[in-house]
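Asker: Here you go, one structure.
The values are calculated or read from the model by the stated rules, or taken from the named source; none is laboratory data. Everything numeric in this text was worked out from a predicted model, so none of it was measured. Glycine gets a Cβ as well: all are built from the backbone with ideal geometry, and neighbour counts include every protein chain shown. Accessible surface is based on the protein model in full, side chains and every heavy atom, while ligands, DNA and RNA are left aside. Shrake-Rupley method; radii C 1.70, N 1.55, O 1.52, S 1.80 Å.
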Amino acid sequence: MVLETLVGAQDAQRILAAKAPGMKVVSAKLRHHPFAGFIFDVPQLAGQTGQAHALVDYYSGKAFVSDPWQVQEGASAQALDQVADPRWNTIDFDTARKRAAALLSTAALRRARLAWRGGIKEQRSVAKVWKPNWVIEAKLEGTSYRVMVDGLNGGYFFIGS
């Protein structure tokens, strides 16, 4: 499953320009990162639909609550520019499942507090979800930077300088 890129290259560059005026983009490359995807029934967290989505990064093990997925129809994983496994913190699918469940349980408990009735139920899982990210090479005041901008929500972080 390939997630649709919601933040385009120009959007990613505008996000950086707003945060670091004067930053000049040298290149922007769309890369896809492998995640495990889960949909859980969590009424206290997800409102009327009762469903909450989570993505777990296979390479870092970090779990994230996500918006409902928008899938890029007809996309093939073989045609993607895939991020290589650094092989230092990779997790397996069962570990990803546990981390997604723990994240959503904690989020539901925090939101519901005393009204928490406990228990979440996995509705669906996807072993491989390809999430888009922009890797941007940029310069600011003579210093080069590598910045990753999330292709779903525009979040960013520096990955090198």
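Asker: What are the residues in segment 131-155 that are surrounded by fewer than 19 Cβ atoms within 10 Å (Cβ to Cβ) and either touching a residue at least 24 places away in the same chain (Cβ under 8 Å) or within 16 Å of GLU4 (Cα to Cα) (or both), if any?
Answerer: Once the filter is applied, which keeps residues that are surrounded by fewer than 19 Cβ atoms within 10 Å (Cβ to Cβ) and either touching a residue at least 24 places away in the same chain (Cβ under 8 Å) or within 16 Å of GLU4 (Cα to Cα) (or both), segment 131-155 yields VAL135, GLU137, LYS139, LEU140, GLU141, SER144, TYR145, ASN153, GLY154, GLY155.
Asker: Here's another thing I want to ask about it. Could you grab me the full set of residues in segment 68-77 that are at pLDDT 90 or above and either among the basic types (Lys, Arg) or open to solvent by 80 Å² or more (accessible area, probe 1.4 Å) (or both)?
Answerer: Once the filter is applied, which keeps residues that are at pLDDT 90 or above and either among the basic types (Lys, Arg) or open to solvent by 80 Å² or more (accessible area, probe 1.4 Å) (or both), segment 68-77 yields PRO68, GLN70.
Asker: Moving to a separate point now. Would you point out the residue of segment 96-123, among those that are open to solvent by 50 Å² or more (accessible area, probe 1.4 Å) and at pLDDT 95 or above, that is farthest from VAL56 (Cα to Cα)?
Answerer: Of everything passing the filter in segment 96-123, LYS98 is farthest from VAL56 (Cα to Cα).
Asker: For segment 43-56: of the residues being within 20 Å of the chain's Cα centre (by Cα) and either over 11 Å from ALA100 (Cβ atoms) or β-branched (Val, Ile, Thr) (or both), which is modelled with the highest pLDDT?
Answerer: Restricting to residues being within 20 Å of the chain's Cα centre (by Cα) and either over 11 Å from ALA100 (Cβ atoms) or β-branched (Val, Ile, Thr) (or both), the top hit is VAL56.
Asker: Here's another thing I want to ask about it. Only one of (1) assigned to a strand (DSSP E or B); (2) out of contact with any Gly (no Cβ under 9 Å at 6 or more places or on another chain); (3) surrounded by fewer than 18 Cβ atoms within 10 Å (Cβ to Cβ); (4) not polar (S, T, N, Q) fails for ALA28. Which number is that?
Answerer: (3)
Asker: Test ALA12 against the criterion of being among the hydrophobic types (A, V, I, L, M, F, W, C) and assigned to a helix (DSSP H, G or I), and give yes or no.
Answerer: Criteria met by ALA12.
Asker: Hey, could you check segment 25-42 for residues that are modelled with pLDDT of 90 or more and of a type outside the set (A, V, I, L, M, F, W, C) and say which is farthest from the chain's Cα centre (by Cα)?
Answerer: SER27
Asker: Related question: Select from segment 78-95 the residues that are open to solvent by 60 Å² or more (accessible area, probe 1.4 Å), under 13 Å from ARG31 (Cβ atoms) and part of a loop (DSSP other than H, G, I, E, B) and list them in ascending order.
Answerer: Once the filter is applied, which keeps residues that are open to solvent by 60 Å² or more (accessible area, probe 1.4 Å), under 13 Å from ARG31 (Cβ atoms) and part of a loop (DSSP other than H, G, I, E, B), segment 78-95 yields only ALA84.
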